[in-house]
């Protein structure tokens with residue numbers, strides 16, 4: 001698998017396959033390689049300037065086709081939110097934990113507001129990021145015999 005910077009991406013039609021509708025894209029790379037790849041999304045997976053890994057699976061009459069993937073070690077960002085998959089998972093965790101915590105503390109879920117949940121989720125993320133010194137004080141390690149559960 002080779003890696004190179006994408007210098008051009010062009011949509012090249014659609015077709016129905018056993019996997020559903022596929023969208024064809026022509027990718028041109030900085031190293032001179034050009035290949036066609038299919039995606040299930042209307043938008044190309046890579047934009048000009050991004051580094052991608054690619055594999056040429058075949059060629060015929062100067063036309064190459066293959067697979068284009070994220071370069072190893074690169075995070076994927078959602079085109080709609082600009083967040084990586086890990087960031088979206090972290091936010092989902094914080095929101096779910098905030099809902100549970102607010103329901104537990106409130107006792108009456110209909111009284112909860114989205115603002116209460118969002119504020120609690122933000123606090124949980126801040127707490128996670130500053131766990132060693134939460135509230136500005138170094139926290140002593142918890143021995144397994146003293147756990148509250």
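Just checking, does the range 68-78 include any residue being closer than 24 Å to residue 7 by Cβ, at pLDDT below 85 and not in a loop (DSSP other than H, G, I, E, B)? Within the range 68-78 (the criterion being closer than 24 Å to residue 7 by Cβ, at pLDDT below 85 and not in a loop (DSSP other than H, G, I, E, B)), the answer is yes, since at least one residue qualifies.
For the range 26-49, give me the residue count where each residue is within 21 Å of residue 61 (Cα to Cα) and without any contact (Cβ under 8 Å) to a residue 24 or more places away in the chain. Before you say what the answer is, go through the steps one by one.
We begin by selecting, within the range 26-49, every residue within 21 Å of residue 61 (Cα to Cα); these are 26-29, 31-38.
Next, only the ones that are without any contact (Cβ under 8 Å) to a residue 24 or more places away in the chain stay: 26, 28, 32, 38.
Of the residues in the range 26-49, 4 are within 21 Å of residue 61 (Cα to Cα) and without any contact (Cβ under 8 Å) to a residue 24 or more places away in the chain.
The number of residues in the range 79-127 being assigned to a loop (DSSP other than H, G, I, E, B) and either surrounded by fewer than 13 Cβ atoms within 10 Å (Cβ to Cβ) or at pLDDT 80 or above (or both) comes to 7. Taking first residues from the range 60-79 that are assigned by TED's automatic domain parsing to the domain that holds residue 9 and partners that are exposed (fewer than 10 other Cβ atoms within 10 Å of the Cβ) and at pLDDT below 80, no Cβ contact under 7 Å between residues at least 6 apart in sequence or on separate chains turns up.
The values are calculated or read from the model by the stated rules, or taken from the named source; none is laboratory data. In this text, all values refer to a predicted model and were calculated from it rather than measured experimentally. A quick note on method: Cβ atoms are made from the backbone with ideal geometry, for glycine too, and the neighbour counts reach across all protein chains shown.
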